[in-house]
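The values are calculated or read from the model by the stated rules, or taken from the named source; none is laboratory data. As the structure is a computational prediction, the values presented were derived from the model and not from experiment. Positions of Cβ are backbone-derived with ideal geometry, glycine not excepted, and every protein chain shown enters the neighbour counts.
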Amino acid sequence: MVEHSRSRYQYIDNFLNKPGPTTDPDFVPGAPTISNLEASKVLVIGAGGLGCEILKNLAMSGFRDIHVIDMDTIDVSNLNRQFLFRKDDVGKSKAEVAAASVTSRCKNVRITPFNGKIQDKDEEFYMQFKIIICGLDSIEARRWINATLVSMVDMENPESLKPLVDGGTEGFKGQARVILPTLTSCIECQLDMHAPRAAVPLCTLATIPRQPEHCIEWAKIIAWEEHRKDTALDTDDPEHITWLYDKSLNRAKEFNIPGVTYQLTQGVVKNIIPAIASTNAIIAAACCNEAFKIATSCNPYLTNYMMYTGDDSIYTYTFEHEQKPDCPVCGNLAKTITVNPRHTLQDFIESLGERPEAQLKKPTLRTESTSLYFQSPPSLEKQTRPNLSKQLSELVSDGEEIGVSDPAFTIDFKFKLIFQT
Amino acid sequence: MTARPLTPPPLQGPTAKEKKYDRQLRLWAASGQQALEDAHVLLLNGGSPGVVGVETLKNLILPGIGSYTIVDGNVVAEKDLGINFFLTDHSLGKSRADETCKYLTELNPDVQGYPVQKSLRDFLGSAIPSDAPDRLSSLTNPNALDKYSLVLFVASKQNYPLLRLVSSYCAAKALPLFYLHSLGLFSHFSTQLPDPFPIVDTHPDPTSTQDLRLLDPWPELQAFAKSKTENLNTLSNHDHGHVPYLLLLLRFLTDWRESHDGNPPSEYREKKEFKSLVESKARTDNPEGGEENFDEAAAAVLKSLNKPSLPSGLRQVLEDPSSKQLQQDSANFWLIANAIQKFHQKHGSLPLPGALPDMKAQSQDYIQLQNIYKAKSRRDIEEVTNSLRSTEADLKRQTPVEAKEIESFCKGAAFVKLIKGQPLPVYAPNAKAPPTSLQNILDDEDSLLPIFLAFQAYDHWLHENSNTTPQTDPSAPFSSSSSSSSEEAKPPLEALKQSATQTIDLNAAGDGPQINADDIMPRIEPILAEFVRAAGAELHNISALTGGMVAQEVIKVLTKQYIPIDNTCVFDGIASKSAVFRL
Ligand SMILES: [Zn+2]
C-alpha cells in the first residue's frame, strides 16, 4: 500500500501512471505497480565500485527495501570510484558503510547490510528476494550464486525463480546481463566469454624470462617459496610487495629485461584490473534499469546480454546468449572436452584451471566406477595421488564421462573426454 | 599498448595520490591524470531536474578533475529529492547549485567546486538579442567562458538561443562542448570538438597488428636472423625449439624468395602454402611432439606478412592542409605530422614503433632481438626529429617541440586519429540540419536514428512552447488522440508528432531521394509516446548511465587519450542499445 507521501517520487510516478507503446498488456498503471515496486525486496551482492552505484540507483528508482552483502573492507584505492566511502572509512566494512551512507541521504529507504560471504547464507535467505543484482569482480562468487539460484527453482512455485541481473567492468568496457535461472542462458553457460588470462609456463619463469611480468611471477611463485615459505604472502602488505619488487628487479637486471616497476609488480601480483567511476556508472545503471523494468513491468527487459565498449568511440552489442544443453548448472548433458590421451592426469587437472569452459582450481575427479583423484581427505588424496603421473589413456577410455567437483561450487560438473592427438 | 611506467620506480612505494588513483592510472597514466587535474569543467544545468549533468560531474570528480562550476538558477523542490542523490531533505527550498555542489565536493577533497545560482541567461550575459543569438559580442563579458576547459550544456526550456550562443563561442575559442538530453528511457548527447582534434595516444588494442617489418628487414635484423638460423638443421632439440619465431619466418622467407623470383608470398593461396612449409619444418620426433616456436611462426603468417600500407586515419592526417602548409604558429601535432610525411615519402614506410610481442625464446636471444628493434626505432625517430628541427629553423619557431612528443607520435603513428570537429547537430529553426541520411532509417529497421529525430522534435516543441511541458492526462491512454472539447488540451503527442514532421521535412529538404515524413513517423512515434509518458522528465537510471557515457567521453577529450565519439550518441533504455552517428 502507498501510505506515505510520494511527492518526492513525482517523476517515477508520472512514468508508472501510464503504459507506453511497448509495455506488457498485463501492466497495471498507477498505485498497484507503485506499491509493488516499494514492496520489492532486492539483494545487492557486492558493495564495491558497481555496488555503490547500484545502491544509489535503486534508492533513486523507488525501491525501498534493499539488502547488501559484501565481505570486504574499504581500501584507499577504492576511493577513486566507490563514492559512498570517504578517507576516514578505510578499514571499515563496505556493506555497512555503504548502507549507512545511502540511508542517511535517503531517509525513506531501508538498507540492510551483511558483512560476510555469500556462501554463509542459505537458500532460505535467498528465497526472500524478488530480484538479485550482482556487482562483483570475482567469477567464482558469480558462479556460486548462479548455481544456487538455479538449484532453488521449483517449477511448482513461480516465486522460487529469482531473476539475476549481473554487471561487470574492466577499464572502459563492461557488460550487463539478465538471467532467469533455468529459463535462460546462465552465468555458467556464458563462462567461456570471460576466459581467464593464460598463465605463463613455469619453465619460462624458471629458466627463460623475457618480460618484466615473467620476473615478477618468478619472484611471487619461486623466490617467495624459497626464502619466505613460512610467511603467507599478503598482497595488501606493502612490505611483501616491496620485497617482491626488489627480487623482480634483481632478476630483471640479471637478464637485462627492462620495465619492472613497483606499479607493475603490484598489478601482476594482485592481478589488478583497471577500474573507473564512469564505467561502473554505465554498467550499474544498465543493471538497475533492467531491475526497474522487471519489478514494474513498465517495459520489456533485456534479453539477455549487453556488452559495452568505450575505449574506441562507444559501441554496444546487445544479443541473446543461448542456453547450453551441456551447461553443468542448468543443462543436463555432459560437456565435451578434447584432451590429449598422452597427457598425464596432473596435466589435465592443471588445464582445468585455465580452460575457459571449466575454470576449476581444485577439482576432485571420478569416473562412474573409480576415483581418479581426490583433493581431500588426506587419506583419499594419498591413495589417488599415484594416478596423477599416469597418462589419461591409462585411466579413462575415449568418450568416457567423468564427474568433477570443486570446493568452490555446490554442484558437480560432468565432462565427456574426447581423445585427440 | 601496455601500461607505461608513471615515474621513476618509487623506492618507498607509491605516493598517497598514486595509491588513491591506482586503478585509473593504469588506464591513462600520470600524463592523463595531470590533464584531468588541470581542467575546469563548466556545467550549464538549466535542466529540470538536471540529474544527467550532476551524475556526469560525479564521475569526473571521483577521478580527480581539477575544478568544476555548476550554473543552475533553480531552487530545490521536493521532487528533486527522489531523483537527485546529491541533495538531502535539508536542501529543500535552497539553491540547487549550492546544494548539489556541497554534496558533490564531499566525494573528493582534491577537487574545487564552484556553484553559481544564476539562470543561464544571467550567467552568460543578459543582453542576448533574439535576432542574432550567435553574435559573440552579445555576451556581457566576451571572455566569460575563458577559464573553462570544457562545457557541458544540459537541455532545458528556452535553450535554443543560449545553446546557439555557447556553441558559436566554443567553436571560436576551440573549447569542447557537450549537449546532453535525458528523457524517460531514452537519452542523447552530442559533442562539438575543436577542428581539428588530433589524438596520438589512441591505445590501440594490443592484439592489433604490430609492425614487425618481416617483408622488409633492415641489415641488422637480417644478419641476426642469418646467424641464428643458418645451421637450423644441426641445432640441438632445445635450441631448435627456442629460435624466436620472427627469425624462423625471416629464414624461410629468404628460402621462399630464392625459388619465387625474389618475391615473398603475397596472395592468400601462397601464404597458405608458405604456412604449410613453416609447419613442415617443425620437429615432431621430440618428447613434446611439436615445437611452440614453429606454432607461433605458422600462426603469424597470415597476419604479419603484409606490405606496409598507410592506415586511413593517418593518411587523413598527413594529407590534411594543416600538415602540408605549416605556419610559424602551427600546432606541434602538424609539425610532427609533416616530418613523418617526409619520412614516409623517402622510405615508403613509417618510423618503426619498436615494440616486440612476447615469443618463445631464450632470454638472451629475445633481449638481443628487442634491442635490434629498439635501435632501429630510435634511429627512425632521430631522422624524423632532425627533419623537424630544420623545419622549425625555417619557420623561425622559438620553442622546439619536445622530444617526448615526437617520440610518442612516431611510436603510435599507425593509430593516430584525427576528428574534424563540427557544430553541434541539434535543433535549429529553419536550418537544414543535420545532413542525415534519412534513407538510412528506411533501409535499416534496427537503426536508432529515430531516437535522435525524436529528441530533435522534442527540442523543437520545447522551443516553441517554452512555458509548458507536455502534460500527461492519467485517464487517457498514450495512443488515443484526445477528443476533449477543451481547445488548449491539444494532445502533446500530436504536437510532438507535428514537430517531428517539421524537423523531418527540414532534414529531407536537401538533395538526394525524397523522404516522406509519413514513412518515418511510425518509427518515431513510439519514442515520442515514451517522452510524453515521462512528462518531460528524467529517470535516474538512464541519466546515471548517460552521465557515465558522457564522463568517459569527457575524460577522453581532456586527456587526449583513447578515441572519443564523433559526434552524436543515442541510448535506448528499452532495448538496452546505443548507437553513434556522425551528424
Ligand atoms: Zn547454464
- Task: Name the single residue, out of those in segment A:319-330 being in contact with a Phe, Trp or Tyr (Cβ under 7 Å, 6 or more places away or on another chain) and farther than 9 Å from residue A:184 by Cβ, that is nearest to the ligand (Cβ to nearest atom).
- Result: A:328
- Can you tell me which residues in segment A:27-62 are surrounded by 20 or more Cβ atoms within 10 Å (Cβ to Cβ), away from every other protein chain (no Cβ under 14 Å) and farther than 23 Å from residue A:141 by Cα? A:40
- Inside segment A:145-164, the number of residues satisfying the requirement of being in contact with a helix residue (DSSP H, G or I) (Cβ under 9 Å, 6 or more places away or on another chain), away from the ligand (no atom under 16 Å from the Cβ) and either under 18 Å from residue A:54 (Cα atoms) or in a strand (DSSP E or B) (or both) is 1
- So residue A:263, is it without any contact (Cβ under 8 Å) to a residue 40 or more places away in the chain, under 25 Å from residue B:355 (Cβ atoms) and within 8 Å of chain B (Cβ to nearest Cβ): yes
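How about segment A:403-421: which of its residues are of a type in the set (Val, Ile, Thr) and closer than 30 Å to residue A:121 by Cα? Give the steps one after another, and end with the answer.
Residues of segment A:403-421 that are of a type in the set (Val, Ile, Thr), as a first pass: A:404, A:410-411, A:418, A:421.
Scanning segment A:403-421 gives A:404, A:410, A:411.
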- Any chance segment B:332-348 includes a residue that's at pLDDT 95 or above, surrounded by 15 or more Cβ atoms within 10 Å (Cβ to Cβ) and in a loop (DSSP other than H, G, I, E, B)? no
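Could you list, in sequence order, the residues of segment B:75-101 that are among the charged types (D, E, K, R), within 29 Å of residue B:165 (Cβ to Cβ) and surrounded by fewer than 20 Cβ atoms within 10 Å (Cβ to Cβ)?
Step one: of segment B:75-101, the residues among the charged types (D, E, K, R) are B:78-80, B:89, B:94, B:96, B:98-99.
Still in the list and also within 29 Å of residue B:165 (Cβ to Cβ): B:80, B:94, B:96, B:98-99.
Across segment B:75-101, the qualifying residues are B:94, B:98.
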- Message: For residue A:331, only one of the following conditions fails: (1) modelled with pLDDT under 95; (2) touching a helix residue (DSSP H, G or I) at 6+ places or on another chain (Cβ under 7 Å). What is its number?
- Response: (2)
- Residues of segment B:519-556 satisfying the condition of being crowded, with 24+ Cβ neighbours inside 10 Å and more than 9 Å from chain A (Cβ to nearest Cβ): B:524, B:528, B:531
- Task: Tell me which residues, restricted to segment A:228-286, are surrounded by 21 or more Cβ atoms within 10 Å (Cβ to Cβ) and among the charged types (D, E, K, R).
- Result: A:247, A:251
- Note on the structure: Contact list, first residue from segment A:362-375 and in contact (Cβ under 8 Å) with a residue 12 or more places away in the chain, second anywhere and charged (D, E, K, R), beta-carbon distance below 6 Å, six or more apart or interchain, is A:362/A:406; A:363/A:406; A:372/A:366; A:375/A:362
- Of all strands (runs of 3 or more DSSP E) fully inside segment A:316-421, the set with 3 or more residues that are touching a strand residue (DSSP E or B) at 6+ places or on another chain (Cβ under 6 Å) is A:335-339, A:364-367, A:401-405, A:413-419
- Item | Single unsatisfied condition, residue A:13 versus (1) over 20 Å from residue B:532 (Cβ atoms); (2) crowded, with 20+ Cβ neighbours inside 10 Å; (3) of a type in the set (Asp, Glu) | (1)
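Condition first: of a type in the set (Ser, Thr, Tyr), touching a His at 6+ places or on another chain (Cβ under 8 Å) and not in a loop (DSSP other than H, G, I, E, B). Can you find one or more residues in segment A:298-309 that meet it?
To start, the set of residues in segment A:298-309 that are of a type in the set (Ser, Thr, Tyr) comprises A:301, A:303, A:305, A:308-309.
After this cut, where a residue has to be touching a His at 6+ places or on another chain (Cβ under 8 Å) as well, the list is A:305.
Now narrow it down to the ones that are not in a loop (DSSP other than H, G, I, E, B): A:305.
Within segment A:298-309, one or more residues are of a type in the set (Ser, Thr, Tyr), touching a His at 6+ places or on another chain (Cβ under 8 Å) and not in a loop (DSSP other than H, G, I, E, B).
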- Query: Yes or no: residue A:12 in a helix (DSSP H, G or I) and more than 8 Å from chain B (Cβ to nearest Cβ)?
  - Reply: no
